[in-house]
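Contents: one structure, followed by commentary.
The values are calculated or read from the model by the stated rules, or taken from the named source; none is laboratory data. Everything quoted here is computed from the prediction, not taken from an experiment. Here the Cβ positions follow ideal geometry from the backbone for every residue, glycine too, while neighbour counts run over all protein chains shown. We work out accessible area using only protein heavy atoms, side chains counted, and drop any ligands, DNA or RNA first. Shrake-Rupley method; radii C 1.70, N 1.55, O 1.52, S 1.80 Å.
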Amino acid sequence: MALLNVSLCTRIPPKPHLTLTKPSLSVSHLQFLSFPRYDKPQALIPNKKLVEDFAKTGFLAILSVSLFFTDPALAFKGGGPYGSEVTRGQDLTGKDFSGRTLIKQDFKTSILRQANFKGAKLLGASFFDADLTGADLSDADLRSVDFSLANVTKANLSNANLEGALATGNTSFKGSNITGADFTDVPLREDQREYLCKVADGVNPSTGNETRDTLLCN
């Protein structure tokens, strides 16, 4: 009886109720667990601007090399806004430019012996360090032309208009015909001015100025 009472008084605890639930994942969890997504595989595509810059650099390098190994005269293509031919640093001995419009044309360091510029419009052109020995510049418009360091000996400057031209450095007009030439505002060396005054004569047909007056001769 004692054993029966013990068994009756002792309660066996119930088994725990087990429930199976699906684990819930928040948005933050999903972002943490998800792999990065690439709509466009830009990591595999080179930067567009970088490619363009590289292409431009390569083109300029090729152009520079091609100019270096070709005729050096091509580096000065054009010569001036009104001329398509190369006139800078060239041997143009005896070439005929008479009557042509060559405004701001570049003749720097060119050899122009006996070249014909009769009646040419050369406003603002450059003959810097050029050789114009024996050239015909008669009746030419030489206003604001740069004759700095140029050799203009034995040239024909009759009736030419040189207003405002530059003649600095060792520019020489020795032996040139300057009858009727206008040297207004041309900065000549004193020795050149004295020499030209000895041979100066005539009146410029386009300006009406006497050559001696434009040279400030006594």
Fill in: Efficiency of FRET between residue 101 and residue 218 - r from beta-carbon atoms, R0 35 angstrom, step 0.05
0.40
Worksheet, complete the sentence: Length gained, residue 210-residue 153, 0.36 nm per residue minus C-alpha separation, equals 18.4 nm
Discussion item. How much accessible area per residue does the range 79-218 have, counting only protein heavy atoms and a probe of 1.4 Å, in square angstrom?
Written reply: 45 Å²
Worksheet item: Extension gain residue 168-residue 198, at 0.36 nm per residue separation less the Cα-Cα distance, in nm?
Response: 8.8 nm
